[in-house]
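Single-structure report; data block below.
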Amino acid sequence: MKTSENTSKSENGTITSGENLSYWFSSAIKPLAFEKLNKNIETDILVIGGGIAGLTTAYCLAKEGRKVILVEDGFIGSGETGRTTAHITCALDDRYYELEKTFNEHTAQVIATSHMAAIEWIANTVKNHKIKCHFKRVNGYLFLHPSETKEILEKEYEATKRAGLSTELLNSVPSIATENRKSCIKFSDQAQFHILLYLKGLANAFIKLGGEIYTQTKAGNITTEGATANDFKVKANHIVVATNTPINDWVMMHTKQWPYRTYVIAAKVPKGKLPYALWWDTGDPDSKWIVKPYHYVRLEEFDEQSDLLIAGGEDHRTGQADDENIKEEDRYTKLEKWTKKHFPAIETVEFRWSGQVMEPIDSVAYIGKNPGEDNIYIITGDSGNGMTHGTLGGMIITDIITGKENPWIKVYDPSRITLKTTADYLHEVGNMVAQFGDWITPEHIKKIDDLKPGEGGIISFGLKKIAAYRDQQNNLHSFSAVCPHFGGILQWNGDEKTFDCPMHGSRFTNEGKVINGPAISDLEKI
Ligand SMILES: Cc1cc2nc3c(=O)[nH]c(=O)nc-3n(C[C@H](O)[C@H](O)[C@H](O)COP(=O)(O)OP(=O)(O)OC[C@H]3O[C@@H](n4cnc5c(N)ncnc54)[C@H](O)[C@@H]3O)c2cc1C
Ligand code: FES
């Protein structure tokens, strides 16, 4: 397969959280920028984070007549939202029969209903505000990974029916030649869109309601009184932390979810060859990771001759790609091979990017009051379903703040304790603790001189671990490789050219600037 040179790069994570630009950024013209905050302010509600979760929450609360201010460290969508593949679906990463086991049949039903409601909410918002974002209603098809048996599909089909979803068991997977005469579950009434065009429309609607957005405005020091933003004071009655993973030392939340890195390619395909649809396989049951990686595929409009087939997968725990002996940058090759086999009509690969998802231990996002707080709220644990989970975040937090009853509040409560997942929990905690072993494991590169321009790595100097990067002009940048959050040893991500923390997913540019929480400070310069 030919690979085009068209993969655009950002300027060191200033538009998005990594070196590779997603298709959405490459096609959405300019970053969605607003003024920077430059004074102290007071508001009823402060929302921190301009991804789908924060912006939806801000919009929902402004619609209720509340005074809302949103602050965003980068630009609107410059976090994981701009790196998504934007399937809008109730076919969750985790199976409904597993949700029944983890919770119970009733809760699985509530989860299904809430995700369908989130899809409807997005559809209505697009319609009401006439948002031009390529929104389409599509079908989704869940098919078997070769190592899985048909029984699990049948079991899942029965569970989706009990959950009240509109599904069908088919004897073939539409448009995938290799899956002819193999079963799949068809999910009706799913959707897709161009995420950054959607956010642009939502931001405009929020501003029309009197909302204020400040970009390149970094929040910190969150208390029940408000927070600081660009070192100014923002006084607020309610604070919503929608930073993908909470950005304070709220230890409890960081032991309930785990960061995974996932990869995407987007390849041209002649228009009309494939229908607009969503496809997912059931994931690799033999994978070493607790959250089994699966493939997710969809089609997007590109130009007059072509569509783009956008395929994702090849996930691993953040900072641990080497544990499978497949480097970050090599995962695209594997993904291309899989995609070509299943969709032979694809032509050149135009875009490649990766991103991070937070995997909650019981598969369901954490939305609601931060444990122990009364007026600080969080939206996190998106799993691979952040379009619907982020939208639900806005809907649920608005109901909590405005005092409306909502049966979803309890299900998504961040304080919930789910006992049935203990074995997986202990496994992931074990993995986290094992990362402290990196304090004594050998360095990844022997000498600074080994680094070529554009390369980075971790080096030992006596007992010290150094994160070093040599830029294209041959200047060396070196920092402590100790994560300022809780002391994990960072790993070099040669694909996105960042330093990633395997513990809770904090990430830093090759110039040491924090780009993903929970850490809030930059790396210490050496
Ligand atoms: C490759 C990939 C594919 C995916 N595919 C799908 C899919 O098909 N369907 C689906 O439903 N989900 C998908 N997801 C998941 C989904 O994209 C995410 O869950 C979702 O976008 C997260 O939204 P968010 O608003 O919670 O976080 P983000 O978009 O990360 O937003 C958080 C924002 O907070 C800002 N921020 C952080 N710290 C601060 C601070 N101190 N001050 C101010 N601002 C701050 C960040 O800059 C960021 O913009 C995918 C994810 C990835 C990575
Ligand atoms: S993210 Fe928590 S220790 Fe690095």
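Values quoted throughout were computed directly from the atomic coordinates according to the rules given, and no laboratory measurement underlies them. Because the structure is a prediction, the values reported are computed rather than measured. Cβ sites come from the backbone with ideal geometry, for glycine too, and all protein chains shown count toward neighbours.
Brief remarks on what is shown
- Distant alpha-carbon pairs in segment 113-240 (separation over 21 angstrom), percent: 62 percent
- Centre-to-centre separation between the Cα atoms of segment 173-209 and those of segment 20-86: 21 Å.
- Here segment 333-375 has an Rg and Dmax of 19.1, 54 Å, counting Cα atoms alone.
- Calculated P(r) tail over 12 Å for segment 362-412, as whole % of Cα pairs: 60 percent
- Segments 354-361, 264-271, 38-45 sorted - mean Cβ within 10 Å per residue, highest first: 354-361, 264-271, 38-45
- Contact order relative to length of segment 130-269, as percent, for alpha carbon pairs under 8 angstrom and 6 or more apart: 20 percent
- The three principal axes of the Cα atoms in the chain give end-to-end lengths of 60, 54, 50 Å, sorted in falling order.
- Largest first and in whole Å, the equivalent-ellipsoid semi-axes of segment 223-302 read 39, 22, 10, each the square root of five times a Cα gyration tensor eigenvalue.
- Taking THR215, THR391 and counting other C-beta atoms within 10 Å, the order from fewest to most: THR215, THR391
- Absence of a disulfide-compatible partner, taken as no other cysteine beta carbon within less than 4.7 angstrom, is noted in the chain for CYS60, CYS90, CYS133, CYS184.
- Karplus (6.51, -1.76, 1.60) ³J(HN,Hα), θ = phi - 60°, over segment 168-175, in Hz, Gly and Pro reported as x: 9, 9, 10, 9, 7, 9, x, 6
- Our summary gives segment 82-208 a relative contact order of 35 percent, counting only alpha carbon pairs under 8 angstrom and 6 or more residues apart.
- Packing order of peptides 169-176, 109-116, highest average first: 109-116, 169-176 (average count of other Cβ atoms within 10 Å over each peptide's residues).
- Sorted ascending by nearby beta carbons within 10 Å, beginning with the fewest, LEU274, LEU37 become LEU274, LEU37.
- For GLU455, the residues whose modelled amide H falls within less than 5 Å of its own, excluding neighbours fewer than 5 places apart on the same chain, are ARG470.
- Pairs of Cα atoms nearer than 8 Å and 6+ residues apart set the relative contact order; for the chain it is 18 percent.
- Centre-to-centre, using Cα atoms only, segment 94-166 and segment 288-362 are separated by 21 Å.
- Kyte-Doolittle at least -0.5, axis length at least 30 Å by Cα - qualifying DSSP helices, the chain: 105-128
- When the C-alpha to C-alpha distance is required to be over 29 Å, the pairs from LYS334/LYS525; LYS130/LYS334; LYS235/LYS513; LYS127/LYS271; LYS63/LYS132; LYS182/LYS271 that qualify are LYS334/LYS525; LYS130/LYS334.
- Relative counts (whole %) of C-alpha pair distances in segment 114-157, using bins that are 5 Å wide: 6, 15, 18, 14, 12, 12, 11, 9, 3
- Amide H contacts under 5 Å for GLN192, placed H, 5+ residues apart: ILE88, LYS136, VAL138
- Taking packing as the residue-averaged number of other Cβ atoms within 10 angstrom, the listed peptides 152-161, 133-142 run from highest to lowest as 133-142, 152-161.
- Adding -39500 (n - 2.57) for every DSSP H run of four residues or longer, then dividing by how many residues the chain holds, sets the calculated 222 nm ellipticity at -7500 deg cm²/dmol.
- Global size of segment 480-526: 9.0, 25 Å for Rg and Dmax (C-alpha atoms, Rg to one decimal, Dmax whole).
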